Every structure is written in C-alpha cells, then in structure tokens.
Ligand SMILES: NC(=O)c1ccc[n+]([C@@H]2O[C@H](COP(=O)([O-])OP(=O)(O)OC[C@H]3O[C@@H](n4cnc5c(N)ncnc54)[C@H](O)[C@@H]3O)[C@@H](O)[C@H]2O)c1
C-alpha cells in the first residue's frame, strides 16, 4: 500500500489525538507540524517525533510531502487554514466546527468540492461501533418508528470562575460556547443515528459563570498549566448551559441539554431514541454498551462484541467482547475511512465521515439555536 504524508496545524488537546490516531493506521507518516511560531512548532515536533516544523500554516500546506492537512487549531483559524490547504489541492481534515459562521463554512465547503479534494469534519462519536450498531438497528426498524430523541452532553471543566478557554472568547471560539462546542456533537449524533435532519429548534441559553479570570498566558484545553498565573476578570457573554427542544424532518420530537458547568460530569454525552416498540440508549462514558428498553419484556444491555454486532458494523470493533475500546479507537475508525478515500477516491463515502457539507449544516443548526434564544425562546427554522 502506498504511504501518505500528513501535516498537522496546531497540536493541542485534539491535535495530539489526531497524531496518535493516524499513526495507528500504519501507512500514514506525520511529516510536518505548524504552530503559531517556529519555536512552538519545533517543541511539538520534538515531543511527537515529527520530522519538520513550520512557524506558519502556509509553509506547511505548501510542503509537497504533505498530502493531507489536519486542522486542529482554535476555531477562528479553521476557515483560513482550510482555504489555504484547499488552495494547494491538499485533502483536508478539520476538527469541528468547520468555521465560526455558517457563511464561512459554506465558502469552505464549496471550495473543497470545487477542488475535488477529500474533505472531512470530525464528529468522532460516529466512529464508535455501538453508535454504528444503533444506527443500523434504527435504520432496519428494530425500534419501530422513532417518536422521541433525547439526551444531554454535560461536562464540568468550566465550572470554576478560574477555568478559562479560548472557547469563551467569541472572536476565537465563535458566538456560542457550549452549543457550538458540544451541542454540535449531540446534534450530529442524533441526526446520524436516526437518519433524520433537525428542522426547527427552540433554545434557552444561560451564562452561569458570568465573570471569569483570564490568565496572562492561555494554556491548551484541559491543561492546568495556566491556573496559577496572574489573571484578569473578564465578562463572559457566551452560554455555558442550554436546554433545547428540537423537531426532526418527519415530525419526530426531541430535546437535549448541554452544560460545561455541571459538577461531576466529565464527558457525559448520551442519546436515547424511543420508537413505538423499543428504546435504545448509548452513553459515551459506557461506550461499549447499548441499552435496549422494552415494555413487554426485560430490558437488555448489548455489550460490544464483534460476534454480536451486525456484519456491516463488525469491522469497527477491533477487540473481542469484554476488552474495552474507547474514545481514540472511535477516532481511529473515522480516520481509517477518511484515508481509505484518500488512497482510493472511487470508494463509496463512509457514514462515519462527516463531509464539509455536514460541517456547514452543523454551523446552521447552532446559529438557529442562538437566533431562537435571541428572539425570546421561539421556535426557529434552521436555515440550511
Ligand atoms: N472532536 C472533538 O471531540 C474535539 C475535542 C477537542 C477539540 N476539538 C476541536 O479541536 C480544535 C482545537 O481544540 P483543542 O481543544 O485541541 O485546543 P487547544 O487549545 O488545546 O489546542 C490548539 C492548538 O493550536 C495552536 N495554535 C494557536 N494558534 C495557532 C496558529 N496560528 N497556527 C498553528 N497553531 C496554532 C495552539 O498553540 C494549541 O497548541 C477546536 O476547533 C475544537 O473544537 C474537537
């Protein structure tokens, strides 16, 4: 099999996971890293054993050894990095969100299509074999027609006023915080497993922690490196808590909550789909299980076991039953399908891979929720 050169822009929390996951594919060489300065790029290159370091992304996307660019920079840089990569006809893998506005996201999506490059925005939970099993069961009608899709995505890493992230600054993270950062994952999962598009939303947003203390030097996500530095109080406008009602395209109802300030919840993403015959629930923190609820017989838990998964899904489970797989295994599954397309552009699209079109739609959804709240919590149609 031919080898593929990958270059990555911005190695922080997400970037380090991208590097690890592509290396597991076996035929991908991480050839270059770009950061905001040559010094920091060189530091990352040394830390991750990457041969080349660049002080800006233009230099990285111009490197002929880089065939696929991974964009794991803070949100406000996504569009510019994506456009630079597309301009050089590089395949492009952008972590979510595709851009900080739907209008920028649309431009990037159109440009990627016109350049005929492989384009993917990372909604990694799709890569979990139990998520694919859920999708398969719902598509086959094993729950009966769905009537309710519900769940939440709760975290606590921004609970204290001293917790700080670029995500809270609208010019860096986008106008939305919790909805854009984690609500987008829930919506992607809900639409992915049901095959239904969200058409309308009614959102209620709250900023619980209204004043935060911004350290003089920002640190990477989930790092406590900047916690003890001098800091300045800043007023926070973006939401850290939201409750949303959603309506899907065929009238199916749904609801979800997101919060980054809910003590005890680390990465508490769960989704449940209730159909006329059964319910099905997947919880990210117990991601090797699918709960199946019934009215007239005992509920069941399907433990991830290749032998028990549908044949179409089995390839995404790599260990025998009882050997737990995790978050980065799902990410690797997503990358495996992206790179299969890089190697052979004639392969059919994989459901695990969200395209830039889906990234654009995710931006539209978040904007509809913001508009719903701003209009006084009214039903708002998503403008795709
Ligand atoms: N799919 C997921 O579940 C998931 C999880 C975490 C983050 N993300 C996404 O990944 C992206 C990065 O988030 P993170 O949590 O890793 O942030 P982070 O702050 O930990 O890392 C961002 C990195 O980008 C670097 N950077 C800043 N400016 C740069 C520039 N001009 N050029 C190159 N590099 C630059 C920073 O130095 C830092 O190393 C975000 O868009 C976020 O939404 C996705």
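Derivation of every value follows stated rules applied to the coordinates shown; laboratory data play no part. Bear in mind the structure is a predicted one, so any value in this text is a computation, not a measurement. Cβ: placed from backbone, ideal geometry, glycine included. Neighbour counts: every protein chain shown.
Quickly work out the residue 147-to-residue 222 label distance, labels modelled 7 Å from Cα along the C-beta direction, and quote it in nm with one decimal.
Calculated label separation equals 3.9 nm.
Antiparallel versus total DSSP beta bridges in the chain: what percent is that, nearest 5?
Rounded to the nearest five, the antiparallel share is 60 percent.
Work out how far the C-alpha atoms of region 95-144 reach from end to end along every principal axis, then list the three figures in whole Å, largest first.
Principal extents (largest minus smallest coordinate, Cα): 39, 22, 19 Å.
Would you look at the GNM of the chain, springs on alpha carbons closer than 10 Å, and say which of 318, 185, 76 moves the most?
318
What are the equivalent ellipsoid semi-axes of region 4-117, built from the alpha-carbon gyration tensor (square roots of five times its eigenvalues), in whole angstrom, biggest first?
The answer is 21, 15, 13 Å, longest axis first.
Return the whole-Å distance between the Cα centroid of region 305-350 and the Cα centroid of region 14-72.
24 Å
For region 155-299, what does the alpha-carbon gyration tensor say about shape, rounded, prolate or oblate, given a ≥ b ≥ c as the root eigenvalues, a/c under 1.5 as rounded, and a/b over b/c as prolate?
prolate
Any idea what the alpha-carbon Rg over 2.2 N^0.38 Å comes to for region 252-357?
Its radius of gyration relative to the 2.2 N^0.38 Å reference: 1.28.
Once you order the gyration tensor axes a ≥ b ≥ c over the Cα atoms, which shape class does region 299-384 get: rounded for a/c under 1.5, otherwise prolate or oblate by comparing a/b with b/c?
Since a/c reaches 1.5 but b/c is at least a/b, the shape of region 299-384 is classed as oblate.
Treat each spin label as a single point 7 Å out from the Cα along the C-beta direction, and report the residue 266 to residue 346 distance in nm.
4.7 nm
Per 20 Å bin, what is the whole-percent P(r) computed from every C-alpha pair distance within the chain?
Bin by bin from 0 Å, the calculated values are 28, 60, 12, 0.
Please give the calculated 222 nm ellipticity per residue for the chain, where each DSSP H segment of at least 4 residues contributes -39500 (n - 2.57) and the sum is spread over every residue; nearest 500 deg cm²/dmol?
-9500 deg cm²/dmol
Relative contact order, percent, of the chain when contacts are C-alpha pairs under 8 Å separated by at least 6 residues?
Across the chain, relative contact order equals 20 percent.
In whole angstrom, how far apart do the alpha carbon centroids of region 362-383 and region 237-295 sit?
Distance between centres, Cα-based: 19 Å.
Quick one: what Rg and Dmax do you get for region 92-240 from the alpha carbons, in Å?
18.4, 57
Between 14, 120, 298, find the one with the highest GNM mean-square fluctuation for the chain; connect C-alpha pairs within less than 10 Å.
Comparing 14, 120, 298 in a Gaussian network model of the chain, the most mobile one is 298.
Return the distance in nm (one decimal) between the two label points of a simple spin-label model at residue 295 and residue 250, each offset 7 Å from Cα along Cα→Cβ.
1.9 nm
Between 270, 109, 291, where does the largest GNM mean-square fluctuation fall for the chain, given springs only between Cα atoms within less than 10 Å?
The residue that fluctuates most here is 291.
Exposure proxy check: 94, 262 ranked by fewest other beta carbons within 10 Å?
262, 94
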